[in-house]
Number of protein chains: 2
Amino acid sequence: MKMIPNALGRMIPEEIDGRKLKPFLGAHATHGGGRKAGPPIRATVDYKDKLRSSLDEAIEACEIKDGMTVSFHHHLRNGDFLINMVVDRLAERGLKDLVLAPSALFPCHEPIIDHIEKGLITHIEGSMNGPVGRACSLGRMRKCCVLRSHGGRYRAIQDGDLHVDAAFIAAPCADSHGNANGLSGPSACGPISFALADSLYADRVVVVTDNLQPFPVIPWVIRGGNVDHVVQIDRLGDPEKIISGTTRITRSPTRLLIAEYAARFVRDSGIMDEPEFSFQAGAGGISLAFIQHIAEIMRERNIRSAFARGGSMKYLVDLLNEGLIGYILDGQAFDLAGVRSLRDNPKHIETDPFTSYNYHTKGNFAQRVKISILGATEVDLDFNVNVNTHSDGWLLHGTGGFTDATDGYITMITAPLLRGRMPIIVDKVTTVTTPGETVDVIVTERGIAINPGREDLIERLKGSDLPIKPIEELHRIAVEMTGEPAKPVFGDRVVALVEWRDGTIIDAVRQLKP
Amino acid sequence: MKMIPNALGRMIPEEIDGRKLKPFLGAHATHGGGRKAGPPIRATVDYKDKLRSSLDEAIEACEIKDGMTVSFHHHLRNGDFLINMVVDRLAERGLKDLVLAPSALFPCHEPIIDHIEKGLITHIEGSMNGPVGRACSLGRMRKCCVLRSHGGRYRAIQDGDLHVDAAFIAAPCADSHGNANGLSGPSACGPISFALADSLYADRVVVVTDNLQPFPVIPWVIRGGNVDHVVQIDRLGDPEKIISGTTRITRSPTRLLIAEYAARFVRDSGIMDEPEFSFQAGAGGISLAFIQHIAEIMRERNIRSAFARGGSMKYLVDLLNEGLIGYILDGQAFDLAGVRSLRDNPKHIETDPFTSYNYHTKGNFAQRVKISILGATEVDLDFNVNVNTHSDGWLLHGTGGFTDATDGYITMITAPLLRGRMPIIVDKVTTVTTPGETVDVIVTERGIAINPGREDLIERLKGSDLPIKPIEELHRIAVEMTGEPAKPVFGDRVVALVEWRDGTIIDAVRQLKP
């Protein structure tokens, strides 16, 4: 396999599985071009009755053949039943060489590995959290997997790079026309917009629900006009695992300190006092503590945020109800408070990856966010960030919205300086998920590093009493504590590509020799 | 010009202006095929600031060239300022041979005729209500115009038959990202979804507003991710003429009788007592009276309609508030009560032509409507309906949602037997807008005719005391009153094509020799 360097000097295959790759050129170096995919033109006359009596009948109607691509969304997370159900039935049909294109897989999808080994599935195009990622690291897939961000997945489907033959959309609420949302029913999960691209561009679209309601189901997040078949099954997922209900603020003093530093950094930067303040934070323990701090500053200074980007959870919902934020623009709900608020509060708005994150649009919402708080498994001296592999080389995480969210005004990584006995700040990241040019600030409990390229931020923080240090110093402190960490031993084979938002390849993940 | 017959025996050109035409084959004879248009792929990096300081700057940025197609929506109706403003500026730029593709033109757009004569515009692809239609009838356009229904226009843009180079979207409320709706501001008009296809498929999209609001404008009926430029102007239109505010129930005893017959027909058919009753009626005087009658029957029998299709107006809104209908699914607002209800009532839902009407989808809402009440200029003995031309040959009306709405379970035409000294029921309609196979019932003050093809309806009405008669008898009664009406004198030249929902040509309108 011929390897070529991309703009970061990372070696990527020139071609893999017969597909010629485009090397990464820079975070915003490409400008689109060409035309979006044109889905097949169907006629209403052939859609007088879309209800299928069983999942088997719906699968049969999709005419899935060897080598085709089948897609799913992951809003049911680790409580999802649908992917395993459909994949089992595809195996029973004796199919082979399918491409699985879920927006993400979770530990509950471990049975997929068996189907991969038996030849049903050649590889995954989608996020692999946990066991399936581990299988990928071990080289157990016949072909090379592709990792994409939420926005990158939308782009790939929209642009025709990822053609979906049949999409199966888990719909907590749907009608017989195929109008669907995730707001009610036993498997209610809030947004289901990760499936939007699938519904628009797949050749065949199946809405699978455990909560069939009379027409019209409103809002139609998935529009019936894009749906071929509707089928009712007993249960889409396990509500306990769909929504954890236990999203909690960290109690770790280290992590609480990081959250405090992050909030003080935002305060001292002055961006909160400027018009149209907005923020995006995740649902991790540091992020939740950060949200509490920011809210306190907003109350003190009588500041109202124009909007906050979800994922949503109780803490964000409380701020919306208090009037501290104008809108929640939400891509996924992390707890039941998020689901209920999306259903009941007209200022809690569902967004999809086209609107929020897709690089190939005429602008997206990520560009409007003032501060994005994100986590990482590694950050290196060039501010490159890894969220996919661990320092021991295992591929265990999808990209999520990470790379897309870096389009905000300040992209801030919050992380403890060490995780176990491994430093977070390293000389070179194992895998580049996002390039240093898009990463602005690293906040650890031992100090804060600002990307030297962001002179405006350095200027903004001049008067601050925060422990701002060169990233090299943070790296030195970490290594003094851990010693130089051992590097993982990789084989030559590339088992996964890390695709940048624009479809270029930013890095390649190699097979692990554990 | 070689003329060929279509499935109705109507003579249409084999080819016109270099475009080969597909003759109409039957209302539901075609099944799609091929792929939808793929709009250009753009990148967010080029959309950091979309605000243009003037309409001229926005037009300049669209790089409009001779021969290109420029589009508009018509939700501001006869109060629209934008089309004339843009067209004047395109003329000032010295352009020529443009195609104008508004969803509709109204009497206020009469100045367009001058631009047509001076060579700026070769022809119109869109509805022409009033003076521009009259100019078309007289052969004042260089090329042949195309008339499409609301759903047909969406289809044509979606399928690439009508490629729009630059779309100008009048937006009563918008933000600097291009998110837009019609719910507030001095030019509030309710829905603006006739512009959805333009926003999705045009090469360049300009949102023009007189009410620029902070990001995010919600709901984003037009999504900023599809918008190239945003420009603020003083005023989009004259609110008095955008919303008439005077939609009134007829006082004519003839028309009141027709409305009563229509409602009794619906009652006697039994469809109100079956599950998921729903209806669509327009905003004309007969329709409003019909709505009152239907509401009375619903109250008496304790029936609740699953939904009603708009256009919306006070009478429909009152029923929604009373709880007699579950939802209003609305394509346009006919009065301020409609605008306010759409803004404030979560059960009043904006729909677009993709969702409601497009034949090239996987099903649309029109198929779900139990009874559609529609008007007509002529109906013939084969139940063919004309809504485009008058019996004197003048092209004066667009198709609107007429042909799309015929997909409901019962399509009912309500009309007085005579209009002036002309019979409504004729031997052969001047122009076929929709074929008889899609038209089920004609209700006049002198009797009701059921399409003999609808044996199920004839059966349903067997016990009814309504004056049900063969259509030939209604025709005879009319002609006895008026004498055989004079036929208009047409030239050979085809000045407009009437396109059926699937892109085939159902009829051709010829130049009038008045």
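The values are calculated or read from the model by the stated rules, or taken from the named source; none is laboratory data. In this text the structure is predicted, and so the values were computed from the model without any measurement. Don't worry about glycine lacking a Cβ; one is built from the backbone with ideal geometry, like all the others, and counts go over all protein chains shown.
What the table shows:
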item	result
So A:Thr355, is it free of Cβ contacts under 8 Å to residues at least 40 places away in the same chain, within 14 Å of chain B (Cβ to nearest Cβ) and in a helix (DSSP H, G or I)	yes
Odd one out for B:Ala496, checked against (1) in contact (Cβ under 8 Å) with a residue 60 or more places away in the chain; (2) surrounded by fewer than 24 Cβ atoms within 10 Å (Cβ to Cβ)	(2)
Residue in segment A:369-383 that is within 14 Å of chain B (Cβ to nearest Cβ) and either touching a residue at least 60 places away in the same chain (Cβ under 8 Å) or not hydroxyl-bearing (Ser, Thr, Tyr) (or both) present	yes
Yes/no for B:Ile222 being hydrophobic (A, V, I, L, M, F, W, C), at pLDDT 95 or above and assigned by TED's automatic domain parsing to the domain that holds B:Gln332	no
Only one of B:Ile349, B:Ile413 that is more than 11 Å from chain A (Cβ to nearest Cβ), in contact with a strand residue (DSSP E or B) (Cβ under 9 Å, 6 or more places away or on another chain), among the β-branched types (Val, Ile, Thr) and in a strand (DSSP E or B)	B:Ile413
Residue selected from segment B:211-227 under the condition more than 7 Å from chain A (Cβ to nearest Cβ) and part of a loop (DSSP other than H, G, I, E, B), by the criterion farthest from the chain's Cα centre (by Cα)	B:Gln213
Evaluation of B:Val317 against (1) buried (at least 24 other Cβ atoms within 10 Å of the Cβ); (2) assigned to a loop (DSSP other than H, G, I, E, B); (3) more than 20 Å from the chain's Cα centre (by Cα) (one fails), failing number	(2)
Test: A:Leu147 is in the same structural domain as A:Ala197 (by TED's automatic domain parsing) and surrounded by 24 or more Cβ atoms within 10 Å (Cβ to Cβ)	yes
Meets criteria (of a type in the set (Asp, Glu) and in contact with a Cys (Cβ under 8 Å, 6 or more places away or on another chain)) for A:Asp228	yes
Test: residue in segment B:143-153 that is within 14 Å of chain A (Cβ to nearest Cβ), part of a helix (DSSP H, G or I), more than 23 Å from B:Met85 (Cα to Cα) and among the polar types (S, T, N, Q)	no
Restricting segment A:43-55 to residues that are assigned to a loop (DSSP other than H, G, I, E, B) and within 12 Å of chain B (Cβ to nearest Cβ), the residue that is nearest to the chain's Cα centre (by Cα)	A:Lys50
Residue within segment B:164-184 that is in contact with a strand residue (DSSP E or B) (Cβ under 6 Å, 6 or more places away or on another chain), closer than 24 Å to B:Ile16 by Cβ, away from every other protein chain (no Cβ under 11 Å) and in contact (Cβ under 8 Å) with a residue 40 or more places away in the chain present	yes
Whichever residue in segment B:425-438 is surrounded by 24 or more Cβ atoms within 10 Å (Cβ to Cβ) and among the hydrophobic types (A, V, I, L, M, F, W, C) and, among such residues, is nearest to B:Thr482 (Cα to Cα)	B:Ile425
Criterion violated by A:Glu459 - all others in (1) farther than 29 Å from A:His163 by Cβ; (2) touching a residue at least 24 places away in the same chain (Cβ under 8 Å); (3) surrounded by fewer than 16 Cβ atoms within 10 Å (Cβ to Cβ) satisfied	(2)
Flag for B:Ile157 being at the interface with another protein chain (Cβ under 9 Å from one of its Cβ atoms) and on the phi < 0 side of the Ramachandran plot	no
Pick from segment A:320-342, criterion of a type in the set (Gly, Ala, Ser) and part of a loop (DSSP other than H, G, I, E, B), ranking: surrounded by the fewest Cβ atoms within 10 Å (Cβ to Cβ)	A:Gly323
Checklist (1) assigned to a strand (DSSP E or B); (2) within 14 Å of chain A (Cβ to nearest Cβ) applied to B:Val99, failing item	(2)
Only one of B:Phe265, B:Phe194, B:Phe215 that is of a type in the set (Phe, Trp, Tyr) and not assigned by TED's automatic domain parsing to the domain that holds B:Glu57	B:Phe265
Residue within segment A:281-300 that is part of a strand (DSSP E or B), within 14 Å of another protein chain (Cβ to nearest Cβ) and touching a strand residue (DSSP E or B) at 6+ places or on another chain (Cβ under 7 Å) present	no
Count of segment B:89-105 residues which are crowded, with 22+ Cβ neighbours inside 10 Å and touching an Asp or Glu at 6+ places or on another chain (Cβ under 7 Å)	2
Of all residues in segment B:16-42 being away from chain A (no Cβ under 14 Å) and in a loop (DSSP other than H, G, I, E, B), the one that is surrounded by the most Cβ atoms within 10 Å (Cβ to Cβ)	B:Phe24
Enumeration of residues in segment B:241-255 that are over 18 Å from B:Ala449 (Cα atoms), in contact (Cβ under 8 Å) with a residue 24 or more places away in the chain and in a helix (DSSP H, G or I)	B:Lys241, B:Ile242
B:Val207 vs. criteria touching a strand residue (DSSP E or B) at 6+ places or on another chain (Cβ under 7 Å) and outside any strand (DSSP E or B)	no
Filtered residue count, segment A:1-15, keeping only those that are surrounded by fewer than 17 Cβ atoms within 10 Å (Cβ to Cβ) and polar (S, T, N, Q)	0
Residue list for segment B:151-210, restricted to those being buried (at least 24 other Cβ atoms within 10 Å of the Cβ), within 17 Å of the chain's Cα centre (by Cα) and of a type in the set (Phe, Trp, Tyr)	B:Tyr154
Number of positions in segment A:370-387 that are in contact with a helix residue (DSSP H, G or I) (Cβ under 7 Å, 6 or more places away or on another chain) and surrounded by fewer than 24 Cβ atoms within 10 Å (Cβ to Cβ)	3
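Here's the yes/no breakdown for (1) in the same structural domain as B:Arg419 (by TED's automatic domain parsing); (2) closer than 21 Å to B:Leu257 by Cα; (3) in contact with a Cys (Cβ under 9 Å, 6 or more places away or on another chain); (4) not in a helix (DSSP H, G or I):
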| site | (1), (2), (3), (4) |
| --- | --- |
| B:Val432 | yes, no, no, yes |
| B:Pro452 | yes, no, no, yes |
| B:Glu459 | yes, no, no, no |
| B:Ala478 | yes, yes, no, no |
| B:Arg493 | no, no, yes, yes |
